[in-house]
Amino acid sequence: MKRWLHEKLICPECASKENPLTLSVTRETGDDVLEGELTCVGCRRTYGIHEGVAVLLPERSMGLLSDDAGYNSRAMLSAYLWSHFAEFFNGTNATDAYRTWSSYFTETDGWALDIGCSVGRLSFELSRTHSRVVGMDTSLSFIKKARQLLTEKRLEFDLIVEGHLTERRSCDLDPGWHEDRVEFVVADAMALPFRPTLFSTATSVNVLEKVPHPRQHLANINHVLKDDNAMFVFSDPFSWDEAVSHPEVWMGGRTEGPFQGRGIDNIIRLMSEGGGTFHPPFEIVDQGDVNWKIRKTENLWEHITSQFVVGVRQQNRR
Ligand SMILES: C[S@@+](CC[C@H](N)C(=O)[O-])C[C@H]1O[C@@H](n2cnc3c(N)ncnc32)[C@H](O)[C@@H]1O
């Protein structure tokens, strides 16, 4: 974990108290802490840094680390590395979805947060326009790989063809990215370990339907995003799943209640009306559909429509 991130962190366990973390280092190279520990000055809980990866999960999410299925599986790693980086090693079938989302990022000297960053493509894209970028995800497997990309500036992996059959894929990363400005940590969107109003830009891309409390996820973003000169890039397929979140907390796909109707309409209303989850409100600068693809095996592809909206908070004139 790069040292520049340390002073911006707070304890995810007692987040409302905004307790800072002290850093003890046992091994480092340059400004990169390879082995060490972060300790909350309030609750004294410790968060390990191993092989450069800081794990900033609240206690209730720690079980995710040992879950080898889902987003920690080898199948998901192959699928998401293809989805994020195939443009660089296989131009013909690659999805250009990440180029569409990142086309909205604008030049600023501020920080950016990529929530549910997976293997890091949008975080790397954010490094073109931001002075610092933090990519975070609950998947240790994704964050380890993203961090490897960061340090090696090169992608090498085994792409699943079928079952245990794989093919080696490799490519250099885009020379326009600034890997030194980027850090990846294991953290939970439900308990963000960052100081309030730290970020100029936040992204939540294909994450809302994956978290247990979608509205709390958005409220947490509001908390860490600046009040002015800020941008929120949101996108989601809105494929609500009862195995992930109770229908009572869905923000769309319902026939009654405050979030009846389509998810994208409800999110746009929430972003633009102010006084509620998002304060100050956003001016909506664009919205639309992105065709996104995930390649699971040579013969199994998911074609997904992700509905996006981009909101900005202009200069505060108060
Ligand atoms: C559908 S994938 C999208 C990944 C990436 N944003 C993209 O569009 O390629 C959802 C991602 O969110 C992560 N995720 C799920 N729940 C999370 C949580 N509570 N906090 C942080 N990340 C989470 C998953 O590990 C996974 O990487």
Checklist entry - Out of all the residues in region 262-308, which are open to solvent by less than 20 Å² (accessible area, probe 1.4 Å) and in contact (Cβ under 8 Å) with a residue 60 or more places away in the chain? => result Thr277, Phe278, Val290, Trp292, Ile294, Arg295, Ser306, Phe308
Next on the checklist: Restricting to region 88-102, and then to whatever is open to solvent by 50 Å² or more (accessible area, probe 1.4 Å) and over 19 Å from the mean Cα position of the chain (by Cα), can you tell me which residue is nearest to Leu173 (Cα to Cα)?
Outcome noted: Phe88
Checklist outcome for this item: Quick count over region 134-145, residues being buried (at least 22 other Cβ atoms within 10 Å of the Cβ) and more than 10 Å from the ligand (Cβ to nearest atom), is 1
Next on the checklist: Residue pairs, Cβ under 6 Å, 6 or more apart or interchain, first in region 175-195 and farther than 19 Å from Gly63 by Cβ and assigned by TED's automatic domain parsing to the domain that holds Ser131, second part of a loop (DSSP other than H, G, I, E, B) and not basic (Lys, Arg). List them.
Outcome noted: Trp177/Ser127; His178/Ser127; Arg181/Ser127; Val182/Ser127
Checklist entry - So Ser83 fits all but one of (1) within 12 Å of the ligand (Cβ to nearest atom); (2) out of contact with any Asp or Glu (no Cβ under 8 Å at 6 or more places or on another chain); (3) open to solvent by 20 Å² or more (accessible area, probe 1.4 Å); (4) modelled with pLDDT of 95 or more; what number is the exception? => result (3)
Checklist outcome for this item: Selection over region 66-80 where residues are under 17 Å from the mean Cα position of the chain (by Cα) and open to solvent by 10 Å² or more (accessible area, probe 1.4 Å) yields a count of 6
Next on the checklist: Suppose we filter region 33-52 for residues that are crowded, with 20+ Cβ neighbours inside 10 Å and of a type in the set (A, V, I, L, M, F, W, C); how many remain?
Outcome noted: 4
Item to check | Arg27, sole failed condition from (1) outside the structural domain of Glu125 (by TED's automatic domain parsing); (2) within 24 Å of Arg195 (Cα to Cα); (3) out of contact with any Cys (no Cβ under 6 Å at 6 or more places or on another chain) | outcome: (2)
Next on the checklist: Any residue at all in region 181-204 that's over 20 Å from the mean Cα position of the chain (by Cα), among the small types (Gly, Ala, Ser) and surrounded by fewer than 22 Cβ atoms within 10 Å (Cβ to Cβ)?
Outcome noted: no
Next on the checklist: So Phe259 ticks every box in (1) within 22 Å of Ala94 (Cβ to Cβ); (2) among the hydrophobic types (A, V, I, L, M, F, W, C); (3) over 21 Å from the mean Cα position of the chain (by Cα); (4) surrounded by 15 or more Cβ atoms within 10 Å (Cβ to Cβ) but one. Which box is left unticked?
Outcome noted: (1)
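The values are calculated or read from the model by the stated rules, or taken from the named source; none is laboratory data. This one's a predicted model, so the numbers in the text were calculated from it and none came from an experiment. Here Cβ is always computed from backbone atoms with ideal geometry, including for glycine, and neighbour counts include all displayed protein chains. Just the protein is used for accessible areas: all its heavy atoms, side chains included, with ligands, DNA and RNA removed. Shrake-Rupley method; radii C 1.70, N 1.55, O 1.52, S 1.80 Å.
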